[in-house]
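A quick write-up on the structure given underneath.
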Amino acid sequence: MTEILIQKAYKEIEKYRNKVINDPYRLDYHLMPPVGLLNDPNGLIQFKGVYHVFYQWNPFDTAHGAKFWGHFTSEDMVHWREEPIALAPSEWYEINGCYSGSAVEADGKLYLFYTGNVKQEDGTRETYQCLAVSEDGIHFEKHGPVLRLPEQYTAHFRDPKVWKKDENWYMVVGAQTLDEKGIVVLFHSKDLYHWEEAGPIAGSGMNGLEDFGYMWECPDLIHLNGKDVLLVSPQGLEPDGDFYHNLFQSGYFTGELDLESVKFQHGPFTELDRGFDFYAPQTFTNESGRTILYAWMGITDEQEAYQPTIVNHWVHALTIPRELELQHGKILQKPVEELKKLRKDQEVVEGNICEGISMELLVDFEKAGPFEISFRNEAYLKFDSDKFTLKRRNFKTGEFEKRSCKIASVSKLQILMDHSSLEIFVNDGEEVFTARYFPNPEDVTISIQGDVEFTWTKWNLG
Ligand code: FRU
């Protein structure tokens, strides 16, 4: 069964290869599916020196379905190899998808934890937290479910993220209570095969939080600068001022997690990204101790099915890798240093216009009054007294839509543009706007207009 599914997926890649690679919106330096739909990054790890990025993948359609785990590896997070398919949904406990999860190393082996998704004919869902193990990081042996659904939660229970502290293993799982509140549940284990519930650590209606969504997906518990930080993707928040305008959110709570008493005292929720296309982030700590984040540069909303790459049989990509730092309780995100390897043709731009498609722009402001940057006449970033606004066209309606965020002043912008993506880092990663956009491939003009004095440096990337 596994082999048949895998061969079928490889045939799908072959069938559409030419269409996919000739798409003008194909990206130069982002990870993308070879065909079909990509969503969450999974199983991020540096294992025996090599970086592994797995991803949620439906090879057979540009819509969601029974997910596989696709797999890329790299020595430097810049040059990537496409590896054999890591997981295909072939077994009874995952027949409707090998859903999201994470990776750890133990005894020199790579352990993947993921959610086996099962949908019965009458629509009822089952969920199994599963394990697959590899000696070489490339070929995985499935061990099946290691954790069953506890009775206090609905079958919206998924996305295990595992880590080690002292001699114990811990896992957080995104869950929904029987009265439909999104929460995160903590488990522990001595051996990675037997898991016991410790209890919920955060959620809607917990720790002083009011109603905060009906489901929390893709939790990730990390340690940054002496604090415990819970990253999570809540579903069901209503827009509130400049916040929560995407269908689903991704953000974090900072605090102290007491693993003994199972108490997480935390502050308010902060969104990680202020753009349109950012969801289900996951982090890992590399061998030199840096915390690095990838996210899905997309989201499941009603525009998803209207992305123009769909005619060429692929959709979505991952963000670039970003290094995280915590300063004054706030996460700062910066493109990882390694991405500088992509830089070529450095140019200090004269005037207020430059040209390019796949490039990095560094704008240092000596004076920043109101200004607007036009990206290939298809997306616009505006700054006005204390507010940034990013505008792009809705993929479904073609109308302009906006995302805004308050920032008192701006000193620096680092912008990574690819054929159909923008990642805009404001003031060294204080805020980030991530978006896909689909400009006329012939239009290569970037311009800055306004009450500004600046120097800008440009590199082509690739
Ligand atoms: C987040 C998510 C996860 C799930 C996966 C399925 O985008 O819904 O909760 O495991 O995608 O592809």
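Tabulated data for the structure shown
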| item | result |
| --- | --- |
| Flag for Glu260 being surrounded by fewer than 23 Cβ atoms within 10 Å (Cβ to Cβ), without any contact (Cβ under 8 Å) to a residue 24 or more places away in the chain, over 30 Å from Lys48 (Cβ atoms) and more than 16 Å from the ligand (Cβ to nearest atom) | yes |
| Some residue of segment 51-62 being over 26 Å from Ser250 (Cα atoms), in contact (Cβ under 8 Å) with a residue 40 or more places away in the chain and either of a type in the set (Ser, Thr, Tyr) or not in a strand (DSSP E or B) (or both) | yes |
| Answer residue from segment 277-292, given it is crowded, with 22+ Cβ neighbours inside 10 Å and more than 15 Å from the ligand (Cβ to nearest atom) and is nearest to Lys48 (Cα to Cα) among those | Phe284 |
| Pick from segment 400-416, criterion assigned to a strand (DSSP E or B) and of a type outside the set (A, V, I, L, M, F, W, C), ranking: nearest to Lys458 (Cα to Cα) | Gln414 |
| Filter pass, Thr154 being β-branched (Val, Ile, Thr), crowded, with 22+ Cβ neighbours inside 10 Å and within 16 Å of the ligand (Cβ to nearest atom) | no |
| Counted residues, segment 302-316 - those being outside any helix (DSSP H, G or I) and modelled with pLDDT of 95 or more | 6 |
| Residues located in segment 378-394, provided they are over 22 Å from Glu304 (Cα atoms) and assigned to a loop (DSSP other than H, G, I, E, B) | Ser385, Asp386 |
| Residue in segment 84-92 that is among the polar types (S, T, N, Q), buried (at least 17 other Cβ atoms within 10 Å of the Cβ) and more than 17 Å from Met171 (Cβ to Cβ) present | yes |
| Failed item, numbered, when Phe187 is tested on (1) more than 14 Å from the ligand (Cβ to nearest atom); (2) within 22 Å of Leu247 (Cβ to Cβ); (3) of a type in the set (Phe, Trp, Tyr) | (2) |
| Odd one out for His139, checked against (1) part of a loop (DSSP other than H, G, I, E, B); (2) in contact with an Asp or Glu (Cβ under 9 Å, 6 or more places away or on another chain) | (2) |
| Candidate set: segment 240-254, residues that are of a type outside the set (Asp, Glu) and without any contact (Cβ under 8 Å) to a residue 40 or more places away in the chain; chosen: the one surrounded by the fewest Cβ atoms within 10 Å (Cβ to Cβ) | Gly241 |
| In segment 125-144, residue surrounded by the most Cβ atoms within 10 Å (Cβ to Cβ) [restricted to those that are within 19 Å of Val173 (Cβ to Cβ) and out of contact with any Leu (no Cβ under 8 Å at 6 or more places or on another chain)] | Cys130 |
| Hits in segment 219-262 - residues which are touching a Lys or Arg at 6+ places or on another chain (Cβ under 8 Å) and among the small types (Gly, Ala, Ser) | Gly255 |
| Residues that are within 16 Å of the ligand (Cβ to nearest atom) and either touching a helix residue (DSSP H, G or I) at 6+ places or on another chain (Cβ under 6 Å) or not in a loop (DSSP other than H, G, I, E, B) (or both), drawn from segment 24-41 | Gly36, Leu37, Leu38, Asn39, Asp40, Pro41 |
| Some residue of segment 194-207 being over 14 Å from Val162 (Cβ atoms), of a type in the set (Ser, Thr, Tyr), more than 14 Å from the ligand (Cβ to nearest atom) and free of Cβ contacts under 8 Å to residues at least 60 places away in the same chain | yes |
| Segment 425-444, residues that are closer than 17 Å to Arg393 by Cα and either among the aromatic types (Phe, Trp, Tyr) or in contact with a Phe, Trp or Tyr (Cβ under 9 Å, 6 or more places away or on another chain) (or both) | Phe433, Thr434, Ala435, Arg436, Tyr437, Phe438, Pro439, Pro441 |
| Segment 61-87 - residue that is hydrophobic (A, V, I, L, M, F, W, C) and within 14 Å of the ligand (Cβ to nearest atom) and, of those, farthest from Glu337 (Cα to Cα) | Ala66 |
| Residue match in segment 419-429 (condition: surrounded by fewer than 21 Cβ atoms within 10 Å (Cβ to Cβ), among the hydroxyl-bearing types (Ser, Thr, Tyr) and closer than 24 Å to Asp242 by Cβ) | no |
| Complete set of residues in segment 405-435 that are among the polar types (S, T, N, Q) and closer than 18 Å to Gly298 by Cα | Ser420, Ser421, Thr434 |
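Yes/no matrix, rows are residues, columns are (1) closer than 24 Å to Thr309 by Cβ; (2) of a type in the set (Gly, Ala, Ser):
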| residue | (1), (2) |
| --- | --- |
| Val35 | yes, no |
| Asn42 | yes, no |
| Ser74 | yes, yes |
| Val78 | yes, no |
| Pro84 | no, no |
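The values are calculated or read from the model by the stated rules, or taken from the named source; none is laboratory data. Fair warning: this is a prediction, and the values are worked out from it, not measured in the lab. Virtual Cβ from ideal backbone geometry, glycine too; neighbours counted across all protein chains shown.
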